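Report on one structure; see the data block that follows.
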Amino acid sequence: MRNRHPHVLALLFIALVGNLLHPNVAYAQEPTSAHAKAVLIRRFLELTRASDLALLAMESAIPGQRSANPQLPREFWDQLSLRARQQASHLVDLLVPVYDAQFTVGQLKQLVAFYESPLGRHLIEVQPVIATQSVEAGRQWGAQIGAEVARDLTRGGAPLPSRP
């Protein structure tokens with residue numbers, strides 16, 4: 001039985017050979033789109049000052065850690081802070097795959113557009129103040145809850161150690 005459409009077979013053969021000799025177009029575009037997505041993520045992290053906020057949070061925690069670890073010299077904490085600042089770009093490198101897994105390119109474009117807008121820029125400007133005040137509010141909230149729990153346990157007859 002003879003094929004009545006030899007041109008169809010020829011086209012299929014060319015397509016098959018083309019796919020074997022050249023990488024799939026989708027695969028060839030992957031690095032470019034992955035790179036473009038990484039660029040968007042880095043822009044988002046830059047706009048939101050993610051590494052600055054992480055450094056602020058870390059440095060805000062150092063006094064408490066210093067008190068909890070008096071065996072560590074002051075120089076340790078100074079060097080920790082200094083190296084964290086020097087290596088902040090490494091934190092961004094570590095955050096790129098985290099954001100890559102959670103956001104699409106379209107979502108990242110929307111986020112970048114928002115943070116480039118006047119409202120987004122305002123949020124970026126006030127974010128450190130909000131973060132600092134939120135930490136203090138959380139500390140006060142935790143202290144209040146701790147005092148209530150201690151008071152309730154003491155009323156119930158549970159012995160609690162006295163403060164030094």
Out of the range 79-106, which residues are of a type outside the set (Asp, Glu), under 15 Å from Ala36 (Cα atoms) and within 15 Å of the chain's Cα centre (by Cα)? Val96, Pro97, Tyr99, Ala101, Phe103, Thr104
Here are some conditions: (1) free of Cβ contacts under 8 Å to residues at least 40 places away in the same chain; (2) at negative phi; (3) not charged (D, E, K, R). Gly157 meets all but one. Which one does it not meet? (2)
State which residue pairs qualify: first residue within 23 Å of Gln133 (Cβ to Cβ) and inside the range 60-82, second residue at pLDDT 90 or above and not in a helix (DSSP H, G or I) in any location, beta carbons under 8 Å apart, and separation of 6 or more residues or different chains. Arg66/Leu72
Please indicate, with yes or no, whether at least one residue in the range 113-128 is outside any helix (DSSP H, G or I) and at pLDDT 95 or above. yes
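The values are calculated or read from the model by the stated rules, or taken from the named source; none is laboratory data. Bear in mind that the values here come from a model prediction, so they are computed numbers and not experimental data. Ideal geometry is used to build each Cβ from the backbone, glycine not excepted, and the neighbour counts take in all protein chains shown.
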